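Visitor: Below is the structure I would like to discuss, written out as structure tokens.
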Amino acid sequence: MTVKPEKILLIGFGNPARADDGLGPALAEAIEAKNISGVTVDADYQLTIEDSAQVAEHNIVIFADASINGAEPFSFETIEAKEYDSFSSHSVEPAQVLALAENLFNSKAAGYILGIRGYEFDDFGSLISEKAKANLEKAVDFVEKLLKTKNFNKPQKTIACL
């Protein structure tokens, strides 16, 4: 029996021009710089229906975003594909992207969401707050280890990592 190699996609999303809202793209940039084998990295302002095609090409997808009220320094949890009665073609939720990949491309990708705790969302500017930078560093370390070990087998329901 041949084991299919894991193809992992990390999508960091958020607006880098709105202070801590740029945590998702900042994480994507940091992980991309590590050049981890078998990992595709993407970043954008928001998720769109087109992301479902890219998700379908992978076994595992991690959606990374800033979290306004989430656990500190970050949370990591599994997500399931979820269809909604309606959606915007301009912005969709991670569970919707998984559902679209499943319905349109027969994808069986496992989904995870990483919420990095941010604090400053009202400011315009590309500077991430100091507290959020510390959370980002911890999230980068966690994701790097996860991607290198590819140990996604543990059931993961909201893990607040310290």
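A short reminder: the numbers here are calculations on the coordinates, not readings from a lab. Everything quoted here is computed from the prediction, not taken from an experiment. Cβ: placed from backbone, ideal geometry, glycine included. Neighbour counts: every protein chain shown.
Visitor: Assign one of three labels to the chain, namely rounded, prolate or oblate, based on the Cα gyration tensor with a ≥ b ≥ c the square roots of its eigenvalues; rounded applies when a/c is under 1.5, prolate when it is not and a/b is larger than b/c, and oblate otherwise.
Guide: Here the chain falls in the oblate category.
Visitor: What does DSSP give for the chain in terms of the percent of beta bridges that are antiparallel, rounded to the nearest 5?
Guide: Working: 9 of 29 bridges.
That works out to approximately 30 percent antiparallel.
Visitor: Per-residue ellipticity at 222 nm for the chain, helices alone: DSSP H runs ≥ 4 residues times -39500 (n - 2.57), over residue total, nearest 500 deg cm²/dmol? Spell out each step's value before the answer.
Guide: On the way: 4 runs with 49 residues, N = 162.
Calculated at 222 nm, the ellipticity per residue is -9500 deg cm²/dmol.
Visitor: How do VAL55, VAL41 line up, fewest other C-beta atoms within 10 Å first? Provide the component values of the computation, followed by the final result.
Guide: Details: VAL55 26, VAL41 22.
With the sparsest Cβ surroundings first, the list reads VAL41, VAL55.
Visitor: Rounding to the nearest 10 and keeping the result within 0 to 90°, find how far the Cα-based axis of helix 94-105 lies from the longest principal axis of the chain.
Guide: With rounding to tens, the tilt is 20 degrees.
Visitor: List the residues whose amide H sits under 5 Å from the amide H of THR40, counting only those 5 or more places along or on another chain, with H placed 1.01 Å from N in the peptide plane.
Guide: ILE8, LEU9, LEU10
Visitor: What angle do you read, to the nearest 10 degrees and between 0 and 90, between the alpha-carbon axis of helix 23-33 and the longest principal axis of the chain?
Guide: 70 degrees
Visitor: Report the gain in length on full extension from THR78 to SER37: 0.36 nm times residue separation, minus Cα-Cα distance, nm rounded to one decimal.
Guide: Numbers: separation 41, 0.36 × 41 = 14.76 nm, distance 2.23 nm.
Here the answer is 12.5 nm.
Visitor: As I understand it, the value is the acute angle between the Cα axis of helix 130-149 and the longest principal axis of the Cα atoms of the chain; what does it come to in degrees, rounded to 10?
Guide: Between helix and principal axis, roughly 20 degrees.
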